[in-house]
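Visitor: Here you go, one structure.
The values are calculated or read from the model by the stated rules, or taken from the named source; none is laboratory data. Computed from a prediction, not measured in an experiment: that's the story for all the values here. Note that each Cβ is placed from the backbone with ideal geometry, even for glycine, and that neighbours are counted across all protein chains shown.
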């Protein structure tokens, strides 16, 4: 029986690029899903520290306000098994830097990445059944697919999952950065992406994904409270019908109790 076609989108993937636990999940969950007879592929940025890839797949323009920025798609396989395909979005302007994050234009960088992921699917002519997005860096993907791409037949029927790994980091940036999204101006509203006069990218993932999950049932409850919701607890309570918690598993090829 054929499985699902799943695109796993993450800003970091172990062992290619890592700053925290998100990379561990992104480097292990896709392998487990692939072993269950699913066609799983990963997409991430091609950071400067990633110096090897198999080939250049394609390139295309990504609308960024008044300009088109070029995205180059390079491919590799997820080490060490080298079975799960990895697409890497390359941009000299946005990702040819020493660190993954910590730049004044981080919001612009990941607005570009999110739009590039959507455009990449048409460029490579591969339509997943499910797109699994992770944290604020990918939260605009559901937003794009449910707004300016919603009438495009290519994207019809794709399920959208958004996972919150860390509620504290929401991709909050100046309202001026909204122009880079090319989204309709009405989305810069407190019931959509506006956040106390700023732009909050994570809100897009919460509002527009079909399913929102986080790292445990307990954390899913906690982030609906003022103490742990970081001012998005009200939004999460409003969408609690699609919010759940799934405990992270272990990759026993890495964390083997018999070898510890």
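Visitor: Determine, yes or no, whether residue 64 is surrounded by 21 or more Cβ atoms within 10 Å (Cβ to Cβ), at pLDDT 95 or above and either farther than 20 Å from residue 180 by Cβ or out of contact with any strand residue (DSSP E or B) (no Cβ under 8 Å at 6 or more places or on another chain) (or both). Outline the logic, then answer.
Guide: On the way: surrounded by 21 or more Cβ atoms within 10 Å (Cβ to Cβ): no; at pLDDT 95 or above: yes; either farther than 20 Å from residue 180 by Cβ or out of contact with any strand residue (DSSP E or B) (no Cβ under 8 Å at 6 or more places or on another chain) (or both): yes.
For residue 64, the condition - surrounded by 21 or more Cβ atoms within 10 Å (Cβ to Cβ), at pLDDT 95 or above and either farther than 20 Å from residue 180 by Cβ or out of contact with any strand residue (DSSP E or B) (no Cβ under 8 Å at 6 or more places or on another chain) (or both) - is not met.
Visitor: Going through the range 158-180 one residue at a time, which ones are closer than 20 Å to residue 201 by Cβ, in contact with a strand residue (DSSP E or B) (Cβ under 8 Å, 6 or more places away or on another chain) and surrounded by fewer than 16 Cβ atoms within 10 Å (Cβ to Cβ)?
Guide: Result: 174, 175.
Visitor: For the structure I just gave you, tell me whether residue 155 is surrounded by 16 or more Cβ atoms within 10 Å (Cβ to Cβ), closer than 24 Å to residue 130 by Cα and modelled with pLDDT of 95 or more.
Guide: Working: surrounded by 16 or more Cβ atoms within 10 Å (Cβ to Cβ): yes; closer than 24 Å to residue 130 by Cα: yes; modelled with pLDDT of 95 or more: yes.
Yes.
Every residue, every condition in (1) crowded, with 20+ Cβ neighbours inside 10 Å; (2) part of a helix (DSSP H, G or I), yes or no:
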| site | (1), (2) |
| --- | --- |
| 2 | no, no |
| 23 | yes, yes |
| 28 | yes, yes |
| 31 | no, yes |
| 59 | no, no |
| 79 | no, no |
| 94 | yes, yes |
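Visitor: Of the conditions (1) more than 24 Å from residue 15 (Cα to Cα); (2) modelled with pLDDT under 95, residue 160 satisfies every one except a single condition; which number is it?
Guide: (2)
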